[in-house]
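Here's a structure for you.
Here, each number is a calculation from the coordinates, and none is a lab measurement. Here the structure is a predicted model, which is why all the values come from computation and not from measurement. Neighbour counts run over all protein chains shown; Cβ positions are idealised from the backbone, glycine included.
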Amino acid sequence: MPVSAIVVEAFGATEVLQLRSKELPALQPGQVRVKVEAAGVNPSDTYLRLGMSGPYAAVPHLLPQLPWTPGKDGAGVVEALGEEVESLVLGQRVYTCAGGTGTYASHANLDAAGVYPLPDSISFAEGAGVGIPCATAYYALKHRGQAVPGSRVFIHGASGAVGLAAVQLAMPRLHGHVLRLHHLGVQKSPKVKVFAVVSHRAETIQQHV
């Protein structure tokens with residue numbers, strides 16, 4: 001199936017991101033095809049694109065085979081089901097962090113295990129921003145930080161996707177004891193309540209921890 005996609009044929013700077021047509025392979029058992037309405041852009045996409053010039057130079061075996069379409073996060077509508085898929089239905093609104101054939105494309109083949117229902121109240125753009133940021137924030141809070149109800153949490157850099165997700169995940173679990181560090185010039189979101197906000201450029205962090 002021909003689809004429009006961003007295709008990377010050589011690692012490098014942004015100019016290697018080329019919009020072109022590519023052939024999407026047939027669905028394998030356990031996969032679904034999603035018509036992508038919005039794609040999430042993550043730092044890891046940039047690191048992979050850089051190839052041996054970026055952080056993945058230390059673990060080159062994790063670099064994708066070329067040609068490659070970036071994108072792990074995305075949201076859209078289920079357009080086709082592979083064999084053995086029972087958790088999803090045609091026409092269903094979904095979000096994903098499965099990556100598959102890459103979400104920087106009009107369509108993507110994805111493992112159904114990494115595709116989840118998207119409520120009607122959540123836009124495709126919002127759904128595309130859930131996967132990696134929220135999973136990373138949850139892992140940081142629960143597994144690395146070992147936060148429990150009643151903990152006070154210091155979130156360094158709560159102005160990006162992962163930081164904002166960490167604040168939102170921490171608030172209901174930690175009863176509001178969240179100290180957020182943000183960069184100078186970034187305003188507090190009126191939708192996110194925090195215990196305190198610190199600018200690391202204008203104040204001494206240690207005074208607030």
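Could you run the Karplus curve 6.51 cos²θ - 1.76 cosθ + 1.60 with θ = phi - 60° over the range 41-54 and give me ³J(HN,Hα) per residue in whole Hz, x for Gly and Pro?
Going residue by residue, I get 10, 10, x, 4, 4, 5, 4, 5, 4, 5, x, 6, 8, x Hz, with x marking Gly and Pro.
Follow-up question, since we're still on this one. Find the relative contact order for the range 44-106 and round it to a whole percent, using C-alpha pairs within less than 8 Å whose residues are 6+ positions apart.
Values: 71 pairs, mean separation 20.1, N = 63.
It comes to 32 percent, rounded to a whole number.
Using R₀ = 41 Å, calculate the FRET efficiency as 1/(1 + (r/R₀)^6) where r is the Cβ-Cβ separation of residue 125 and residue 28; round to 0.05. Numbers along the way, then the final one.
Values: r = 29 Å, r/R0 = 0.70.
With a Förster radius of 41 Å, E is 0.90.
Taking a ≥ b ≥ c as the square roots of the Cα gyration tensor eigenvalues, with a/c under 1.5 meaning rounded and otherwise prolate when a/b beats b/c, else oblate, which class fits the range 29-185? Kindly include the intermediate steps, with their values, before the conclusion.
On the way: a/c = 2.14, a/b = 1.36, b/c = 1.57.
Taking the square roots of the gyration eigenvalues as a ≥ b ≥ c, the range 29-185 is oblate.
Please list, by residue number, every one of the GluC sites (Glu not before Pro) in the range 1-70 that is coil in DSSP and has at most 12 other beta-carbon atoms within 10 Å. Numbers along the way, then the final one.
Numbers: sites: 9, 15, 23, 37; in loops: 9.
In loop regions of the range 1-70 (DSSP not H, G, I, E or B), the sparsely surrounded GluC sites (Glu not before Pro) are 9.
For the range 127-140, just list the computed ³J(HN,Hα) in residue order, Karplus coefficients 6.51, -1.76 and 1.60, θ = phi - 60°, integers in Hz, with x standing in for Gly and Pro.
Each residue of the range 127-140 in turn: x, 5, x, 7, x, 5, x, 6, 5, 5, 4, 5, 4, 5 Hz.
In the neighborhood of residue 130, defined by Cβ-to-Cβ distances under 12 Å, what is the net charge if each Lys or Arg adds +1 and each Asp or Glu adds -1? Can you show the working numbers first?
Details: positive: 72; negative: 73, 126.
That works out to -1.
Determine, for each peptide in 139-151, 71-83, the mean count of other beta carbons within 10 angstrom over its residues, then list the peptides with the highest first.
Details: 139-151: 12.9, 71-83: 21.1.
Going from most to least packed, we get 71-83, 139-151.
What residues from the range 1-38 fall in the zone where the backbone N is under 11 Å from a label point 7 Å along the Cα-to-C-beta line of residue 50?
Hits in the range 1-38 for residue 50 at 11 Å: 12-13.
Going by amide H atoms built from the backbone, whose H comes under 5 Å of the H on residue 24, apart from near neighbours?
Answer set, sorted by chain and number: 3.
Express in nm, to one decimal, how much length is gained between residue 83 and residue 111 on full extension, taking 0.36 nm for each residue of separation and deducting their alpha carbon distance.
8.9 nm
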